[in-house]
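Here is the structure we will look at.
Rule-based calculations on the coordinates, nothing more; no lab input. All figures in this text were calculated on a predicted structure; none of them were measured in a lab. So basically every Cβ, Gly included, is an ideal-geometry build from the backbone, and we count neighbours across all protein chains shown.
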Amino acid sequence: MTQSPRDERDYFERIYTVVEQVPWGKVATYGDIATLVGDGCDARVVGHALGALGARSATVPWQRIINRTGGISLTGHGQRERLEEEGVAFDDRGNARMDAHHWSGPSEEWARANGFQTLPRTAEKPASAQLRLF
DNA sequence: CAACTGACTATAC
DNA sequence: GGTATAGCCAGTT
C-alpha cells in the first residue's frame, strides 16, 4: 500500500477514511473519530469534515457519527431514521443506545497499517456480564 | 492577518 | 440529568 496519507495533513480525508470503517449498525462519536485520527484532530474538526462531505456523503456513513450523549447533532437530514434503518435503537430522549451500538474502534492492525491510532479505552467493557437480549 | 463560525466536549452549578 | 460557560481546532470571511 503506497497510498498512506500519514504525511498528509488533510484532516478531512483522514476523517473520511476512519468514518468509512464504522460498520453497519454501529455508531461512533465525533470525539472517537478525532482520537483515531489523532494529530491534534478535534471533535469539531470531525463535524466540519462531515459538513464538507458534499458528494462524498453518498460513500461516507456520516449518519453513524453522533455526539457524545448519543444524540443527533444534525437535524433535518433524517439521520436518526437512517440509523434506525440499520437497527440502531434509540431512547425516548432521542439518544442512541451507545451501550449497545457504540463502535469499539478499528482493529489495531488496520489502524497501524493506515497510520491511525486506536481508542485509548473506555469504549465498552464486557464486564457486568449482563444478560444478552437474545 | 484577526475575528467569527461550527454536525463538539468537559467542567461547573 | 439539564443548563451555562470555557476550551478546543480548522475553515471561512
key: Phi-based couplings in Hz for region A:33-50 (Karplus 6.51, -1.76, 1.60; Gly and Pro marked x)   = 4, 4, 5, 5, 5, x, 6, x, 5, 10, 4, 5, 5, 4, x, 5, 4, 5
Inter-probe distance in nm under a simple model that places probes 7 Å from Cα toward Cβ, at residue A:48 and residue A:75 = 2.5
ask   = Among A:114, A:41, A:60, whose Cα lies farthest out toward the positive end of the dipole of region A:11-119, if unit charges sit on the beta carbon of Lys, Arg (+1) and Asp, Glu (-1)?
value = A:41
task = Work out how much length residue A:86 to residue A:110 would gain on full extension: take 0.36 nm times their residue separation and subtract the Cα-Cα distance, in nm to one decimal.
result = 6.2 nm
message = Can you compute the modelled spin-label distance between residue A:39 and residue A:24, with each label point 7 Å from Cα toward Cβ, in nm?
response = 3.1
ask   = Taking amide hydrogens as modeled 1.01 Å from N in the peptide plane, which residues meet the under 5 Å criterion relative to residue A:66, leaving out close sequence neighbours?
value = A:28, A:29, A:30
ask   = Semi-axes of region A:11-119's equivalent ellipsoid from the Cα gyration tensor, sqrt of 5 times each eigenvalue, largest first, rounded to whole Å?
value = 21, 15, 12
J(HN,Hα) series, region A:67-79, from Karplus relation 6.51 cos²θ - 1.76 cosθ + 1.60, nearest Hz, glycine and proline x = 7, 4, 7, x, x, 8, 7, 9, 10, x, 10, x, 5
remark   = Interchain or sequence-distant (5+) residues whose placed amide H lies within less than 5 Å of the amide H of residue A:96 are A:71, A:91
